[in-house]
Amino acid sequence: MRQNVSSGTTWETIAGYSRAVRIGNWVSVAGTTAADEQTHPVAVGDPYGQTIYILRKIERALIAAGASLDDVIRTRIFVVEHDHWEQVARAHGEIFSQIRPANTLVVVNALIGPEYLVEIEADALIETKSP
């Protein structure tokens with residue numbers, strides 16, 4: 001059974017995607033930027049602040065899909081400035097220090113808008129509990 005999770009932004013309808021999709025015990029969270037519910041940028045100029053905001057937004061999507069940050073097995077981070085990697089890594093480490101998912105960090109030329117410094121994707125596998 002497929003469960004699509006929406007954050008309610010207009011971009012999801014326009015571009016035809018979901019914030020997250022759950023099939024069975026697998027949850028994939030779409031590339032997430034530091035945009036609020038009205039698609040306004042958050043923490044402009046602050047890669048650390050954007051990363052924390054994004055990871056909390058991902059957490060909300062995971063919870064809506066019946067998962068949690070503890071279930072995350074992989075993250076992919078895209079940054080537009082090489083010099084931001086340490087701030088982004090520090091924020092990621094604060095959230096995932098005990099979970100330690102596989103991670104990739106890539107420097108790209110641009111994201112959807114110049115205000116966005118970071119974009120993150122996440123995959124989670126919900127562990128089934130033995131009776």
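The values are calculated or read from the model by the stated rules, or taken from the named source; none is laboratory data. What you are looking at is a predicted structure, and each value in this text was computed from that prediction instead of being measured. Here the Cβ is made from the backbone with ideal geometry for all residues, glycine too, and neighbour counts use every protein chain on show.
Summed over segment 81-98, residues that are closer than 20 Å to Val29 by Cβ and surrounded by 14 or more Cβ atoms within 10 Å (Cβ to Cβ) total 6. If the condition is being touching a residue at least 24 places away in the same chain (Cβ under 8 Å) and farther than 21 Å from Leu125 by Cβ, then segment 50-83 contributes Gln50, Thr51, Ile52, Phe78, Val79, Val80, Glu81, His82.
So, Gly66, is that one surrounded by 14 or more Cβ atoms within 10 Å (Cβ to Cβ) and either farther than 24 Å from Ala15 by Cα or touching a helix residue (DSSP H, G or I) at 6+ places or on another chain (Cβ under 8 Å) (or both) or not? When the stated conditions are applied, Gly66 passes them. The single condition from (1) polar (S, T, N, Q); (2) part of a strand (DSSP E or B); (3) at pLDDT below 95 that Gln38 fails is (2).
Looking only at segment 1-30, count how many residues are at pLDDT 95 or above, buried (at least 16 other Cβ atoms within 10 Å of the Cβ) and more than 19 Å from Glu127 (Cα to Cα). So the count comes out to 4.
Within segment 90-109, is there a residue that is at pLDDT below 95 and more than 25 Å from Gly8 (Cα to Cα)? Break it down into steps so the answer makes sense when it comes.
Restricting attention to segment 90-109, the residues satisfying the condition of being at pLDDT below 95 are none.
The answer is no, given that none of the residues of segment 90-109 is at pLDDT below 95 and more than 25 Å from Gly8 (Cα to Cα).
Condition check for Ala67 on (1) in a helix (DSSP H, G or I); (2) under 15 Å from the mean Cα position of the chain (by Cα): one failure, at (1). Residues in segment 102-115 that are surrounded by 16 or more Cβ atoms within 10 Å (Cβ to Cβ) and over 12 Å from His84 (Cα atoms): Asn103, Leu111, Glu115.
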